[in-house]
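Enquirer: This is the structure I want to talk about, given as structure tokens.
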Amino acid sequence: MPSVTFEHVTKRFGDATVIEDFDLQVADGELLVLVGGSGSGKSTILRMLAGLETVTSGRIRIDDRDVTDLAPRDRDVAMVFQDYGLYPHMTVRDNLSLGLRLRKIPRHEIDRRVAWAAGMLGLEPLLDRKPKALSGGQRQRVAMGRAMVREPKVFLFDEPLSNLDAGLRAQMRIEIGSLQDRLKTTTVYVTHDQVEAMTLGDRIVVLADGRIQQIGRPIELYRTPVNRFVAGFIGTPAMNFIEGTLAADGGRMFFSAEAARLKMRAGTAESSEPITLGIRPEDLRMDFIPQQPTHGSADFDTLTGRVVLVERLGGTSHVHFQVGPHRLMASVASDSLPEVGHDITAHVPAARVHLFGGDGRAIGRTAEIV
């Protein structure tokens with residue numbers, strides 16, 4: 001299987017730099033996901049790899065072959081787009097085989113590849129239908145099959161599930177993951193949906209403003225984000241943040257914000273101002289407060305607040321609560337839920353706290369509540 005290497009790739013449109021010094025290697029057989037918001041540069045990176053956009057500076061290699069200046073047809077890559085790109089007047093069979101016929105592949109080889117792809121994707125009963133007679137998920141499988149029959153060195157997926165409803169997206173994620181396990185083809189997958197990234201990627205590259213923020217396995221990005229952007233982008237629901245200060249008092253270190261004061265383990269972090277504390281909604285543990293509390297007098301390992309919204313989502317619910325000026329959310333089991341207006345205590349587990357400095361960078365996970 002081939003690897004893919006970006007060597008200090010930069011892309012400019014006029015005076016605007018959209019990708020700057022992008023340096024990355026995709027391993028043989030790896031499914032690597034590029035994820036980021038609109039304008040992060042993820043699709044531009046994929047299009048440069050496909051040869052649909054020129055590279056301003058730097059090199060792109062597939063294996064040891066420099067493909068930077070090669071035409072798309074000479075790169076041996078296959079791309080699956082968001083909009084399927086099927087020919088409406090052709091049957092599924094003809095859509096699958098068109099690229100091979102244009103390349104003058106022998107008929108028996110075309111039939112073999114089409115049968116193989118149709119079998120892998122469950123398309124055999126649909127081969128004589130036209131796209132208008134297919135569901136969105138079936139059309140996307142045909143688009144994937146058209147890429148598969150080329151037997152390329154590298155698969156490229158450009159937000160392929162964006163046009164599907166939630167149920168079909170979940171189904172197609174499973175199918176793409178299963179397909180990758182069987183084919184082991186080197187794959188670069190672009191999405192804005194961090195759920196897709198977390199469920200599909202062997203590794204994830206988080207992008208913002210054309211720059212790499214962090215690269216790692218999904219669980220690494222979730223547990224140890226290197227900056228506030230990654231912490232807020234990875235994880236559903238998003239991480240809670242509280243702006244405050246970190247300062248020594250009586251030989252101990254405290255995180256302090258309006259209506260919140262949390263005691264930190266001694267010697268775990270240096271004073272920094274400003275500072276942001278992050279805690280994921282699923283890491284908060286919540287209790288009711290039988291008596292009316294004095295808001296702002298939270299214990300060292302707890303926050304006290306008042307419920308402002310409860311989102312019931314089935315087995316899990318989201319409880320939104322106000323701690324002074326801070327709007328926070330906890331993800332909890334739906335067995336017993338507080339009502340809006342109730343006072344609650346949110347316990348903050350020591351090992352789950354994240355701290356970020358004024359520049360947004362993580363201050364190490366050694367800072368803990370005691």
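The values are calculated or read from the model by the stated rules, or taken from the named source; none is laboratory data. Predicted model only: the values in this text are computed from it and were never measured. Backbone-built Cβ (ideal geometry, glycine too); neighbour counts: all protein chains shown.
For every residue, the table says whether it meets (1) in contact with a Leu (Cβ under 7 Å, 6 or more places away or on another chain); (2) surrounded by fewer than 19 Cβ atoms within 10 Å (Cβ to Cβ); (3) modelled with pLDDT of 95 or more; (4) on the phi > 0 side of the Ramachandran plot.
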site: His192; (1), (2), (3), (4): no, yes, no, no
site: Val195; (1), (2), (3), (4): no, yes, no, no
site: Leu200; (1), (2), (3), (4): yes, no, no, no
site: Val205; (1), (2), (3), (4): yes, no, yes, no
site: Arg217; (1), (2), (3), (4): no, yes, yes, no
site: Arg223; (1), (2), (3), (4): no, yes, no, no
site: Ala231; (1), (2), (3), (4): no, no, yes, no
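Enquirer: Something else: Would you check if there is a residue in region 178-185 being crowded, with 20+ Cβ neighbours inside 10 Å, in a strand (DSSP E or B) and assigned by TED's automatic domain parsing to the domain that holds Leu52?
Expert: no
Enquirer: A follow-up question, please. Go through region 64-75 and give me each residue that's in a loop (DSSP other than H, G, I, E, B) and either modelled with pLDDT of 90 or more or touching a helix residue (DSSP H, G or I) at 6+ places or on another chain (Cβ under 9 Å) (or both).
Expert: Hits for region 64-75 are Val67, Thr68, Asp69, Leu70, Ala71, Arg75.
Enquirer: Also, I was wondering about something else. Which pairs have Cβ atoms under 8 Å, sit 6 or more apart or on different chains, and link a residue in region 80-92 that is in contact (Cβ under 8 Å) with a residue 60 or more places away in the chain to one that is part of a strand (DSSP E or B)?
Expert: That search, which allows pairs on different chains as well, returns Val80/Phe155; Val80/Leu156; Val80/Phe157; Val80/Asp158; Phe81/Asp158; Gln82/Asp158.
Enquirer: Continuing with the same structure: Is at least one residue of region 149-163 β-branched (Val, Ile, Thr), more than 30 Å from Gly232 (Cβ to Cβ), out of contact with any Asp or Glu (no Cβ under 6 Å at 6 or more places or on another chain) and in the same structural domain as Gly36 (by TED's automatic domain parsing)?
Expert: Taking region 149-163 first, the residues β-branched (Val, Ile, Thr) are 149, 154.
Narrowing further to those that are more than 30 Å from Gly232 (Cβ to Cβ): 149, 154.
Next, from what is left, pick out any that are out of contact with any Asp or Glu (no Cβ under 6 Å at 6 or more places or on another chain): 149, 154.
Then drop every residue that is not in the same structural domain as Gly36 (by TED's automatic domain parsing), which leaves 149, 154.
Yes, because at least one residue in region 149-163 is β-branched (Val, Ile, Thr), more than 30 Å from Gly232 (Cβ to Cβ), out of contact with any Asp or Glu (no Cβ under 6 Å at 6 or more places or on another chain) and in the same structural domain as Gly36 (by TED's automatic domain parsing).
Enquirer: Also: Could you tell me which residue of region 331-363 is surrounded by the most Cβ atoms within 10 Å (Cβ to Cβ), considering only residues that are over 22 Å from Leu277 (Cα atoms) and free of Cβ contacts under 8 Å to residues at least 24 places away in the same chain?
Expert: Filtering region 331-363 for residues that are over 22 Å from Leu277 (Cα atoms) and free of Cβ contacts under 8 Å to residues at least 24 places away in the same chain, the one surrounded by the most Cβ atoms within 10 Å (Cβ to Cβ) comes out as Ser334.
Enquirer: Taking region 58-77 as the region of interest, how many residues are exposed (fewer than 13 other Cβ atoms within 10 Å of the Cβ) and of a type in the set (Gly, Ala, Ser)?
Expert: So the count comes out to 1.
Enquirer: May I pose another question? Can you find a residue that is in the same structural domain as Ala197 (by TED's automatic domain parsing), touching a residue at least 40 places away in the same chain (Cβ under 8 Å) and not in a helix (DSSP H, G or I) anywhere in region 42-52?
Expert: No, every residue in region 42-52 fails to be in the same structural domain as Ala197 (by TED's automatic domain parsing), touching a residue at least 40 places away in the same chain (Cβ under 8 Å) and not in a helix (DSSP H, G or I).
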